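Working notes for the structure below.
Read-outs throughout are calculated quantities, based only on the coordinates presented, and are distinct from any laboratory measurement. It should be emphasised that the depicted structure is a prediction, and the values quoted were computed from it without experimental measurement. Here the Cβ is made from the backbone with ideal geometry for all residues, glycine too, and neighbour counts use every protein chain on show.
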Amino acid sequence: MDALGWDPSKKLIYIPNGADGTVTVAHQDSADAYTVVATVPTLAGAKTITVDPKTHNVYLFQPERGPAPPPPADAPPPPPGRGRGRGPLGPIIASWFIVISQ
């Protein structure tokens, strides 16, 4: 998990699942008990999240990237076993702003 949103007055936690393109919404029933109340579709990769405590709107942002540029012809190959890494990223070609309202 990279981030989560919290609405204290409604006791709702918003958990973005970037790879799945969803946000899981859970209600805090008590200090140690939570109930999943919804799974909201968003966009794959969307995980930057915030909650407006006045309007209770939830906001997510996701850039859309074009293809990564090829490495230079004389570039050495990347070292093996460097963890998860996502490699070079392409340029941002569009941006998506998602609002979940109640």
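Screening Gly21, Gly87, Gly45, Gly66 for residues that are exposed (fewer than 12 other Cβ atoms within 10 Å of the Cβ) and at positive phi leaves exactly one candidate, Gly87.
Would you check if Thr35 is surrounded by 10 or more Cβ atoms within 10 Å (Cβ to Cβ) and either among the hydroxyl-bearing types (Ser, Thr, Tyr) or more than 17 Å from Leu4 (Cα to Cα) (or both)? Taking the combined requirement at face value, the residue does not satisfy it.
Among the residues of segment 1-51, the ones that are within 9 Å of the chain's Cα centre (by Cα) and in a strand (DSSP E or B) come to 7 in all. Inspect all residues belonging to segment 66-82 and state whether any of them is acidic (Asp, Glu), over 28 Å from Ser9 (Cα atoms) and either free of Cβ contacts under 8 Å to residues at least 24 places away in the same chain or not in a loop (DSSP other than H, G, I, E, B) (or both). There is at least one residue in segment 66-82 that is acidic (Asp, Glu), over 28 Å from Ser9 (Cα atoms) and either free of Cβ contacts under 8 Å to residues at least 24 places away in the same chain or not in a loop (DSSP other than H, G, I, E, B) (or both).
Please work out which residue is surrounded by the most Cβ atoms within 10 Å (Cβ to Cβ), limiting yourself to segment 3-18 and to residues that are under 18 Å from Ser95 (Cβ atoms) and not aliphatic (A, V, I, L, M).
First, the residues of segment 3-18 that are under 18 Å from Ser95 (Cβ atoms): 3, 16, 18.
Keeping just the survivors that are not aliphatic (A, V, I, L, M) gives 16, 18.
On the way: Pro16: 26, Gly18: 20.
Here the answer is Pro16.
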